[in-house]
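Engineer: Please see the structure below; I have some questions.
Coordinate-derived values only; no laboratory data. This one's a predicted model, so the numbers in the text were calculated from it and none came from an experiment. Reconstructed Cβ throughout: ideal geometry from the backbone, glycine too, with neighbour counts over all protein chains shown.
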Amino acid sequence: MSQMTWTTAQQAAIDARRQNLLLSAAAGSGKTAVLTERIKKLITDMDDPADITELLVLTFTRASAGEMKTRISSGIAKALSEAEQERNTPLARHLSRQLVLMSSAQISTLDSFFQTLIRRYFYLIDLDPNTKMLTDSNEIYALEQDVLRSEERRVGKECRSRWS
């Protein structure tokens, strides 16, 4: 596989350290590839190594989150193989640990992440832990209709009580 050629902005995003990063660009512009490369570099940088569990990676689609997990795991496995060939024991040990930690990595969609927060901290934010995210346009429409009907009933009762 050939080496990816990055734009100046993409390379800056990949190389940025010690800061949060928000990538916003059109579909198909390489956001997933840039984030994946950034994460791989953060994890394989032995001068300042990061654990995959220290990162929060949020995407809009499940497909993108799954693709990122797959690409990151593959990248770590490749780097581990190279570290073992070079007999770089500290890096190999670190990368081996990262592969194990991939199942605990916070790489998910926004709605999935927020659902996890609600379930974990419902008692602090005074929400029912079974609160669900509306993800389907039909669910949203049904809820809107239910709210409108409830409001119409409330207003109707209020008007009847005033004129009675």
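Engineer: Using Cα positions and a limit of under 25 Å, work out the lysines in reach of Lys31, with same-chain residues fewer than 8 apart set aside.
Structural biologist: Lys40, Lys41, Lys69, Lys78
Engineer: Just need the relative contact order of the stretch 16-164 here, percent rounded to a whole number, with Cα pairs under 8 Å and 6+ apart. Walk me through the intermediate numbers first.
Structural biologist: Numbers: 105 pairs, mean separation 30.3, N = 149.
Relative contact order here is 20 percent.
Engineer: If a helix is a whole DSSP H run, which ones in the chain reach 15 Å or further along their own axis (Cα) and hold a mean Kyte-Doolittle hydropathy of at least -1.0? Don't jump to the answer; show the numbers that get you there.
Structural biologist: Working: long enough: 31-44 (20 Å, 0.06); 62-85 (34 Å, -0.49); 89-101 (18 Å, 0.18); 110-125 (20 Å, 0.54); 137-163 (39 Å, -1.28).
Once both thresholds are applied, what remains is 31-44, 62-85, 89-101, 110-125.
Engineer: Return the calculated 222 nm mean residue ellipticity for the chain, to the nearest 500 deg cm²/dmol, obtained by summing -39500 (n - 2.57) across DSSP H runs with n ≥ 4 and dividing by the residue count. Write out the running numbers ahead of the final one.
Structural biologist: Numbers: 6 runs with 102 residues, N = 164.
Rounded to the nearest 500, the figure is -21000 deg cm²/dmol.
Engineer: With each pseudo-label sitting 7 Å past Cα toward Cβ, what's the Ala77-Asp146 distance in nm, one decimal?
Structural biologist: 4.3
Engineer: Identify which of the listed values of mean projected area of the Cα convex hull in nm² was calculated from the structure shown: [x] 8.8; [y] 14.9; [z] 9.9.
Structural biologist: Given [x] 8.8; [y] 14.9; [z] 9.9, the structure-derived one carries the label [y].
Engineer: I would also like to ask the following. About the Cα centre of the chain, what is the dipole size in debye to 20, counting +1 per Lys and Arg Cβ and -1 per Asp and Glu Cβ, all else neutral? List each step's numbers first, then the result.
Structural biologist: Working: 22 positive and 21 negative charges, 55 e Å.
That gives the chain a dipole magnitude of about 260 debye.
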